[in-house]
Structures are given as C-alpha cells and as structure tokens.
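**Student:** Shown below is the structure under consideration.
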Amino acid sequence: MSLKPEELLNFIKESGLLVILTGAGMSAESGIPTFRGEEGYWKVGSKHYHPQEMATLSMFSRVPYEVWKWYLYRRETCNQVQPNSGHIVLGEMEKKLKDRFLLITQNVDGLHIRAGNSRKRTYEIHGNINRMRCSEECSRETFPIPVNLQWKDKEREFSREEKNLLVCPLCGKMARPHILWFDECYNELYYKFESSLSAADKLDLLIVIGTTGTTTLPYRIITGVMNRGKPFIVIDPYENDVTELAKQYNKGCHLQHKSGEILPEIYKIMNER
Ligand code: APR
C-alpha cells in the first residue's frame with residue numbers, strides 16, 4: 001500500500017532531510033521542451049544530425065561549431081523563458097527548510113537558481129547551458145558564455161568575432177559547453193557525483209519531479225533510497241519507469257499532476273501543518 005502524501009508532508013515538517021530531484025518536466029510549463037516527449041529535443045532533430053548525437057564529445061571533436069550552434073540555440077530558448085510556479089515554490093521551500101533541503105537537478109537551464117534556490121544547495125548534475133570551460137582542461141574553472149553571443153537562427157554560421165568569444169579565457173584554446181555528454185562520465189568536480197550519492201544515503205524523503213530516470217545517477221539515487229527503505233514521491237502527469245517504481249514500492253507514491261500545479265498545493269499543506 002502506498003503512503004499518503006499527507007503522511008509524508010507531516011514527516012518532513014518534523015525533521016530530516018528533503019531531497020528534490022528534478023528533470024526536464026520541471027521546466028515544461030515554462031515552455032522548454034522535454035527530451036523524450038512528442039516535441040522533445042531528442043525527437044525533433046537538426047537537418048544534418050540525429051539530435052542525441054549532438055550531445056556527445058565525439059561529435060564535438062569532429063564538428064565543434066555544429067555542436068556549439070545547437071547549444072547556443074537551446075540556451076536562447078532557456079534564457080527567454082521564466083521560472084514557473086513549481087520553480088518558485090522550490091525556492092520558497094529552500095528558504096523555509098534551509099539545510100534540511102537539497103536540490104539535485106538534471107536541468108541545465110538555470111531556472112532553479114533564477115527562481116531563488118541557492119548555488120550551495122543546488123547540484124546541477126548535467127551542467128549549465130550558460131557556462132563553458134576549456135576543451136583542453138587547462139584549468140578546472142567554468143566561465144559564463146559571453147552574453148552578447150546570441151543565437152536566434154539555428155542554422156546560421158559563426159562570424160570570426162563570434163568564434164573568438166568561444167575560447168578559454170585562460171589559455172585561448174577552444175571552449176566547450178559545460179554540459180555532461182552521453183559519452184562522458186559523471187564526476188564530483190563538475191557534476192557533484194559523490195555529493196549526490198551521499199545525499200541519497202542521508203535523506204529522509206525524496207521527491208522526484210518530471211524525469212524518465214534514464215540517466216544513471218538519478219536512477220542510482222532512486223534505487224538507493226528504496227534500498228534504504230526511505231519514502232519517495234514522484235510528480236509526473238504521465239507514467240514511466242520511475243512512476244512504476246514508486247507504485248510498486250510500499251513507501252512510494254505517484255502524484256499524477258503537472259509540477260507547476262501540484263507543488264504550490266504541497267507547499268500550502270506544508271505551511272498549514
Ligand atoms: N510536470 C512534471 N512532469 C512533466 C511535466 C510537467 N508539467 N511535463 C512533462 N513531464 C514529464 C514527462 O512525463 C516525462 O516523464 O517529464 C518527464 C521528462 O522526461 P525526459 O524528457 O526523459 O527528461 P529527463 O528525464 O529530464 O531526461 C534526463 O536525459 O538526455 C538526457 O541530459 C538529458 O538531463 C537529461 C536526461
């Protein structure tokens with residue numbers, strides 16, 4: 001039998017660590033396409049390449065400016081939209097719970113930070129679309145992508161001046177998007193790998209929002225929590241492997257709603273208790 005969400009909300013009010021794990025569905029109501037939905041990034045390709053190929057180091061090594069174009073175009077979309085009511089609520093929740101709150105996001109759009117979540121308690125485990133780093137790893141730093149590098153037309157070519165903006169500010173070699181690609185591994189330095197697993201070992205309640213759980217770290221977090229017998233709630237308007245896991249687990253529950261609609265309600269209940 002599944003726990004009722006209210007029991008879980010009571011529980012988090014008492015004590016313990018709440019970890020929120022978000023995926024692309026979190027930003028869907030802001031107008032950013034998900035990856036695997038009908039109009040998803042992995043479904044609607046570019047003229048020349050299968051979309052998932054764009055998110056690989058091997059493609060970047062062969063045609064770096066094609067990959068840059070794709071990310072700069074996506075970045076434009078992310079920067080034009082606004083955080084939705086779900087993002088805003090998570091910002092409020094952090095302010096209320098402080099160190100009892102941690103956000104692990106697969107989203108590279110930066111909307112959680114724009115909605116008020118702190119950098120300290122937000123792990124961007126797949127990177128950030130507004131940042132770049134040295135493709136030759138001359139340092140471990142990441143840098144903001146210059147704001148004047150705008151990309152509204154997907155297929156246009158780079159000018160020489162624009163190419164000069166996409167270089168490492170320290171050594172002058174080519175910069176790459178600060179994004180975890182499919183043919184790369186998680187690590188602590190850029191993607192908070194160990195910190196995320198350690199949070200999964202400590203948390204008392206996990207809320208998973210809008211993800212199909214296809215990548216390995218989110219899947220390990222979810223199964224780790226189940227192995228420890230801790231509760232987890234999934235928010236997703238549709239069914240997928242993660243919602244299925246929650247339904248089969250005696251301390252799991254699936255709230256079949258859009259996050260922007262249900263999160264304000266959850267927060268209201270938290271504040272009333
Ligand atoms: N509220 C909550 N969930 C929603 C909403 C919404 N309003 N709209 C859609 N969803 C759900 C979908 O039903 C789906 O289950 O969001 C989920 C999005 O799944 P994916 O498109 O697979 O995105 P995600 O799980 O974040 O992808 C994981 O894969 O390709 C990589 O690096 C990429 O970070 C990405 C990772």
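**Student:** Among what's in region 238-270 and is out of contact with any Leu (no Cβ under 6 Å at 6 or more places or on another chain), open to solvent by 40 Å² or more (accessible area, probe 1.4 Å) and touching a residue at least 40 places away in the same chain (Cβ under 8 Å), pick the residue that is nearest to the ligand (Cβ to nearest atom).
**Tutor:** Lys258
**Student:** OK, next. Return yes or no: is Asn164 within 23 Å of the chain's Cα centre (by Cα) and open to solvent by 40 Å² or more (accessible area, probe 1.4 Å)? Lay out the reasoning, then the answer.
**Tutor:** Numbers: within 23 Å of the chain's Cα centre (by Cα): no; open to solvent by 40 Å² or more (accessible area, probe 1.4 Å): yes.
No: the conditions fail for Asn164.
**Student:** Mind checking whether some residue in region 215-231 is in contact with a strand residue (DSSP E or B) (Cβ under 8 Å, 6 or more places away or on another chain), open to solvent by 10 Å² or more (accessible area, probe 1.4 Å), at positive phi and in a loop (DSSP other than H, G, I, E, B)?
**Tutor:** Within region 215-231, none of the residues are in contact with a strand residue (DSSP E or B) (Cβ under 8 Å, 6 or more places away or on another chain), open to solvent by 10 Å² or more (accessible area, probe 1.4 Å), at positive phi and in a loop (DSSP other than H, G, I, E, B).
**Student:** So, in region 126-152, exactly how many residues are without any contact (Cβ under 8 Å) to a residue 24 or more places away in the chain and within 19 Å of Gln80 (Cα to Cα)?
**Tutor:** Of all residues in region 126-152, those without any contact (Cβ under 8 Å) to a residue 24 or more places away in the chain come to 137, 144, 146-148.
Subsequent filtering for residues that are within 19 Å of Gln80 (Cα to Cα) retains 144, 146-148.
So the count comes out to 4.
**Student:** Now for a separate question. Suppose the filter is of a type outside the set (Gly, Ala, Ser) and surrounded by 19 or more Cβ atoms within 10 Å (Cβ to Cβ); does Phe143 pass it? Show your work before the answer.
**Tutor:** Details: of a type outside the set (Gly, Ala, Ser): yes; surrounded by 19 or more Cβ atoms within 10 Å (Cβ to Cβ): no.
No: the conditions fail for Phe143.
**Student:** With respect to Cys168, determine if the residue is away from the ligand (no atom under 15 Å from the Cβ), in contact with a Phe, Trp or Tyr (Cβ under 8 Å, 6 or more places away or on another chain), modelled with pLDDT of 95 or more and on the phi < 0 side of the Ramachandran plot. Lay out the reasoning, then the answer.
**Tutor:** Numbers: away from the ligand (no atom under 15 Å from the Cβ): yes; in contact with a Phe, Trp or Tyr (Cβ under 8 Å, 6 or more places away or on another chain): yes; modelled with pLDDT of 95 or more: yes; on the phi < 0 side of the Ramachandran plot: yes.
Answer is yes for this residue.
**Student:** Could you run through region 187-236 and say how many residues are touching a residue at least 24 places away in the same chain (Cβ under 8 Å) and either within 20 Å of Thr34 (Cβ to Cβ) or within 16 Å of the ligand (Cβ to nearest atom) (or both)?
**Tutor:** Initial filter on region 187-236 (touching a residue at least 24 places away in the same chain (Cβ under 8 Å)): 189-193, 195-197, 199-218, 221-222, 224-226, 228, 230-236.
Okay, now just the ones that are also either within 20 Å of Thr34 (Cβ to Cβ) or within 16 Å of the ligand (Cβ to nearest atom) (or both), so 190-193, 196, 206-218, 221-222, 232-236.
Number satisfying all stated conditions: 25.
**Student:** Just to be sure I understand, how many residues within region 64-114 are away from the ligand (no atom under 16 Å from the Cβ), among the acidic types (Asp, Glu) and closer than 28 Å to Leu203 by Cβ?
**Tutor:** 3
**Student:** With the requirement that a residue be more than 17 Å from Ser61 (Cα to Cα) and in contact with an Asp or Glu (Cβ under 8 Å, 6 or more places away or on another chain), what does region 167-189 give you?
**Tutor:** Once the filter is applied, which keeps residues that are more than 17 Å from Ser61 (Cα to Cα) and in contact with an Asp or Glu (Cβ under 8 Å, 6 or more places away or on another chain), region 167-189 yields Leu170, Cys171, Glu188.
The values are calculated or read from the model by the stated rules, or taken from the named source; none is laboratory data. Predicted model, so just to flag it, every value in this text is computed and none were measured. Quick reminder, even Gly has a Cβ in these numbers, built from the backbone with ideal geometry, and neighbours come from all protein chains shown. The accessibility values were calculated without ligands, DNA or RNA, using every heavy atom of the protein model including side chains. Shrake-Rupley method; radii C 1.70, N 1.55, O 1.52, S 1.80 Å.
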